[in-house]
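I have placed the structure first, in the form of structure tokens, so that the comments after it can refer back to it.
Values quoted throughout were computed directly from the atomic coordinates according to the rules given, and no laboratory measurement underlies them. Predicted, not measured: the structure shown is a model, and the values here were computed from it. We place every Cβ from the backbone using ideal geometry, glycine too, and count neighbours over all the protein chains shown.
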Amino acid sequence: MISYPFKKERTLFMNIILGVIALALLGWYYSLNQDHSDLKSLIKKPDSPEFIGNKMETTVFSPEGKKQYLAISDKVEYYTQDGHTDFISPLVYLFDVSLGNKDKETKTDKIQLEKQNWKLSAQKAKLTKDQMLYLEGSVVAESLDPLSRLQRVETEAAVINLKTQDITSD
């Protein structure tokens, strides 16, 4: 058997080197598992909008293919969580979609379907997935039909059922 005179020093030196390597690997592993706040900003929060649009214009058609309403807004935010859409400074044009009796439909009724019936404006609005539009802040509803008895309504809040185009307010 051969004996090495510096065996204890060599073993100590190798233990120190292996300890430094182990500490370096632990430090590297720790740095990989850190929270990166810059990456968290890339993940969409559940209560944040799915998309945001500026200067948006949307035309919605009835099942018969007639224009139902036209919505113009400075800013639009759509939320998938509950399916609602928020509008900032909306301007909504409602088109007359009621037909009445189809047997008595005349040419003037067909022309009326293509005309804007009401112009609605407000500071903000919320459209729910069941087609209810909630207008808030300086709401103005103007009739675009010169023969209408009611020409203009001003209120702080209004609710519009876009399916029936019923407008209600307190």
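General observations
- Estimated FRET transfer efficiency when R0 is 30 angstrom, pair Ser169-Ile43 (beta carbons, to 0.05): 0.15
- Between Ser143 and Tyr78, the contour length at 0.36 nm per residue exceeds the alpha carbon distance by 20.6 nm.
- Among residues other than Lys45 with Cβ under 15 Å from its Cβ, the summed charge is -2 (Lys and Arg +1, Asp and Glu -1).
- Rounded, prolate or oblate (a/c below 1.5 giving rounded, otherwise prolate when a/b exceeds b/c) for segment 113-156 by Cα gyration tensor: oblate
- Extension gain, Lys119 to Met56, is 21.0 nm, computed as 0.36 nm per intervening residue step minus the present C-alpha separation.
- Extending 7 Å from Cα along the Cβ direction at Thr11 and again at Asn161 yields two label points whose distance is 9.1 nm.
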